[in-house]
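This report refers to the structure that appears directly beneath it.
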Amino acid sequence: MVRSSARAVVIGGGVGGCSVLYWLTRLGWDDVVLVERADLTSGSTFHSAGLVGQLRSSLSLTRMMMESVDLYRTLEAEVGLATGWREVGSLRLASSQERMEEIARQAGWAKTFGLALELISAAEAQELFPPMTADGVLGAAYLPTDGYIDPSQLTFALAEGARRRGAEVATSTRVTGVRAHRGRVTAVETERGAIETEVVVNAGGMFAGELGALAGVTVPVVPMAHEYLVLKPSGLPLDMPTMRDPSLLVYFRPESGGLIMGGYERHCAPWSLDGIPPDFNGKLLEEDWPRFEELMENAIVRVPSLEEMEVVRLINGPEAFTPDGEFILGPSDLRGYWVAAGFCAHGLAGAGGMGKLVAEWIVEGTPSLDVWHMDSRRFGSAYRSRDYTVARTREIYETYYDVEYPGHEREAGRPLRLSSANARLRELGAVFGEKSGWERANWFEPNAAAGDESLRPRGWAGKLWSPAIGVEHRACREGAALFDESSFAKLDVSGDGAADFLESLCANRVAREEGRVTYTQMLNPRGGIECDFTVTRLGEDWFRIVTGTAFGQHDAAWIRQHAPGDGSVHVTDVTSASSCFGLWGPASREVLQPLTVTDLSNDAFPYMTARELAVGPVPCLAVRVTYVGELGWELYCPAEFGARLWDELWAAGRDHGLVAGGYKAIDSLRLEKGYRVWGADISPEDTPYEAGLGFAVKLDKGDFVGRDALVAAAEPERRLRCLTLAEPRAVALGSEPVRVGGEPVGRVTSGGYGYTVGASIAFAYLPSEHGVGSEVAVEIFGEWIDGVVVDEPLHDPSGERVRA
């Protein structure tokens, strides 16, 4: 029998589960238990290659990896058990110009993350890793604080650390069910009895999907058969760094004077999609030499002596991958049910920091880092489909080492979600991107004929770009442009308690008169921005939230997490129920007025209000709001009317030079107007005052989540600043280091080219003393570009155009 109750139950005895258990106990929770179906490490952990690389594409994930290394340096001394940590450094080779640009960009990131990444020559790389040949290598990135670790030793050390603080580890304890009552976890059922608890952490690795299904929670992980080769000791230096050659799809690490070599092949092998065998514990898959042949041939190109080395074994074991290549962390829609899974072969690199983050999230209620891109609630209902999940995950695995240019669009599983105007957009020559399954127009290529090719940004920023973007931007500024915004997430909050509930969550006053639109944030208890959207009051007990396409799942979960359980508040995702078209520009009123009997004058229909009206024969909710900084409306109609609404607007705009616009133009337009993007410019780590959004905070309206933190906070030590760069075609993409007086002071959050102001624009958090007029420099692919802090917004600072 197992214990009858616990404060928290962690499911899964791999490195992830043991790390969460360890950190829960370090944070003071000693009444916790881990249950494992077999033995510790018997899933994927025991056959991990154990590489630990810290530099990732986001600040949060990099911090997580850095915290892992901090733990690995001290854990052995703490618990008295070896972990096998070897801080030998890592090499990443660049064998093409684009790879050199990639590592130059990574070196810039590293400066903002506090990592001592060095760019070195091919000869220097060979000195560090003697068995490699430098043929074709142009350079390399060297990070001396990376390394590798023994996966089983690390897991046992974490488990021991947790036990010493009171945790229990129950092996040979298979979970058979999860009990819930009124949407909240109440117990975990096992073959050895039930454990009553209010907190369950699914750290099941490749079993996480099956474990989630027991609770009605979708955890989209796919076991991928991942192979690596173990070679006999051959007298190689023990202190060689790990080495990756992404152009050849392979990685190497030293092992007792020999080598381990693996990689990510172009023809991957999803495994056991119909269910993992119940007795698959501590097992490997059969060697698959034909599949490994591609990697073997590539590896010999880089390490020719590999051909003569004696093979110990080809390891073939399943690893859990996710559809977007990111971890799956955090709470689910079932209250008290948490997920810590989907490590995509980074489990050893991230385990220490991941366990800390998830444990803090459970204990304190909010994560210590901005983890929206890893949040378990980011996946929509489409991921209930196995075929869709597998298709997306295959693409992630097979392109693991590819260079991904900014704006890169994934292809797997498309098209999936089509707006009512999709056929019209295709007829107009739309170049589509995808977000949250939606096909969205990035730009319309026929517009490029009227554009200016000389404005193409230098380097990577110009790879996925078209002159059409500038044409669509200028049309919106000078005439009128029509945008399909149907993908924007729409949430209805209704019920007798809706008004008071939203006031308790929103920093701005939103329970205003019917028909009013309010821009607001929802904050966490630390005052950080959890959500950023508009709220329209449609009725006494009915509010409509409109948020970004990718944030609907997250925002709905945040709202539901705080909703009362008495039935007084209902939260409904109505995204798919309506089409939405944005008609913006100085001529937008002239286009729209002939189609409706409703008076669209500024006095009758002022800015930040909403009205029901008819556009031609189409019933619409018209909302006078903008994300581009121009006069105009968002027009919502039932989805079945969408194509007709587009046609009515398109025909009416013909005499006014109406242009179809895409999301790339919207991004350029919003930069000039200083509108923020959640997840880039603003995040749970940033307060409204730091982000320049204090105007949307009403401290005098009464209590709301985060208010106490804002009141108690001193003047911000850093603020989001708008920068313009001296070279218009040098465009920042995000994460570039910013320095003042030769000293690094911040990093770019987002950037782009402003076609109206004729400047490269970037946003960055800087120390507060660096205000308007401060001279800065931004490093773009290794080149420092001069810039200056400017007053914002750059376009229409008085707001006259949006209120015209």
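Between Ser798, Ser768, the distinction of being polar (S, T, N, Q), under 18 Å from Leu720 (Cβ atoms) and open to solvent by 20 Å² or more (accessible area, probe 1.4 Å) belongs to Ser768 only.
Among the residues of the range 394-431, the ones that are closer than 22 Å to Asp245 by Cα and either modelled with pLDDT under 95 or not basic (Lys, Arg) (or both) come to 13 in all. Tell me whether the range 238-247 contains one or more residues that are of a type in the set (A, V, I, L, M, F, W, C), out of contact with any His (no Cβ under 8 Å at 6 or more places or on another chain) and at pLDDT below 95. Yes - at least one qualifying residue is present in the range 238-247.
For the range 607-624, enumerate the residues that are open to solvent by 10 Å² or more (accessible area, probe 1.4 Å) and among the charged types (D, E, K, R). Selection gives Arg611, Glu612. Scanning the range 525-543 for residues that are among the acidic types (Asp, Glu) and out of contact with any Phe, Trp or Tyr (no Cβ under 7 Å at 6 or more places or on another chain), we see that the one that is nearest to Ala680 (Cα to Cα) is Asp541.
Filtered by the rule that a residue be of a type in the set (A, V, I, L, M) and either at pLDDT below 95 or out of contact with any strand residue (DSSP E or B) (no Cβ under 8 Å at 6 or more places or on another chain) (or both), the range 601-617 gives a lone residue, Ala604. Only one of the listed residues (Gly325, Gly330) is part of a strand (DSSP E or B), surrounded by fewer than 24 Cβ atoms within 10 Å (Cβ to Cβ) and not hydrophobic (A, V, I, L, M, F, W, C). That residue is Gly330.
Filter the range 531-590 for residues that are out of contact with any strand residue (DSSP E or B) (no Cβ under 6 Å at 6 or more places or on another chain), over 13 Å from Leu502 (Cα atoms) and among the hydroxyl-bearing types (Ser, Thr, Tyr) and give the result. Listed by number, the list holds a single entry, Ser576. Checked against (1) open to solvent by 30 Å² or more (accessible area, probe 1.4 Å); (2) more than 26 Å from the chain's Cα centre (by Cα), Ala213 passes all but a single condition, namely (2). Cβ-Cβ distances below 8 Å connect the following pairs, each with a first residue in the range 188-215 that is part of a strand (DSSP E or B), a second residue that is open to solvent by less than 20 Å² (accessible area, probe 1.4 Å) and among the aromatic types (Phe, Trp, Tyr), and a separation of six or more residues or different chains: Val200/Tyr337; Asn202/Tyr337. Taking the criterion of being part of a helix (DSSP H, G or I), among the polar types (S, T, N, Q) and at pLDDT below 95, the residues of the range 39-72 that qualify are Ser60, Thr62.
From the residues in the range 78-88 that are touching a helix residue (DSSP H, G or I) at 6+ places or on another chain (Cβ under 9 Å) and not in a loop (DSSP other than H, G, I, E, B), which one is most open to solvent (accessible area, probe 1.4 Å)? It comes out as Glu78.
Inside the range 523-564, can you point out the residues that are of a type in the set (S, T, N, Q) and either in contact with a helix residue (DSSP H, G or I) (Cβ under 8 Å, 6 or more places away or on another chain) or not in a loop (DSSP other than H, G, I, E, B) (or both)? Listed by number, the residues that qualify are Thr534, Thr536, Thr547, Thr549, Gln553, Gln561.
Scan the range 483-505 and report the pairs whose first residue is under 30 Å from Asn447 (Cα atoms) and aliphatic (A, V, I, L, M) and whose second residue is open to solvent by 20 Å² or more (accessible area, probe 1.4 Å) and modelled with pLDDT under 95, with Cβ atoms within less than 7 Å and a gap of 6+ or a chain change. If the second residue must be open to solvent by 20 Å² or more (accessible area, probe 1.4 Å) and modelled with pLDDT under 95, the pairs left are Ala489/Phe551. Out of Ser247, Ser234, Ser256, report the one residue that is among the polar types (S, T, N, Q), under 30 Å from Ile300 (Cβ atoms) and in contact with a Gly (Cβ under 7 Å, 6 or more places away or on another chain). The unique qualifying residue is Ser234. What do you reckon, is Leu75 in a strand (DSSP E or B), open to solvent by less than 40 Å² (accessible area, probe 1.4 Å), over 22 Å from Glu326 (Cβ atoms) and not basic (Lys, Arg)? Answer is no for this residue.
Would you confirm, using the coordinates I've provided, whether Val178 is more than 30 Å from Tyr251 (Cα to Cα), buried (at least 22 other Cβ atoms within 10 Å of the Cβ) and touching a helix residue (DSSP H, G or I) at 6+ places or on another chain (Cβ under 6 Å)?
It is true that Val178 is more than 30 Å from Tyr251 (Cα to Cα), buried (at least 22 other Cβ atoms within 10 Å of the Cβ) and touching a helix residue (DSSP H, G or I) at 6+ places or on another chain (Cβ under 6 Å).
The single residue among Leu295, Leu284 that is assigned to a loop (DSSP other than H, G, I, E, B) and touching a residue at least 60 places away in the same chain (Cβ under 8 Å) turns out to be Leu284.
Set side by side, the residues Arg474, Arg426, Arg440, Arg509 differ, and just one is touching a helix residue (DSSP H, G or I) at 6+ places or on another chain (Cβ under 6 Å) and not in a strand (DSSP E or B), which is Arg509.
The values are calculated or read from the model by the stated rules, or taken from the named source; none is laboratory data. Please read these numbers as outputs of a predicted model, since none were measured by experiment. Cβ coordinates were reconstructed from backbone atoms using ideal geometry, including for glycine residues, and neighbour counts include every protein chain displayed. These area figures cover heavy atoms from the full protein model, side chains too; ligands, DNA and RNA do not enter into them. Shrake-Rupley method; radii C 1.70, N 1.55, O 1.52, S 1.80 Å.
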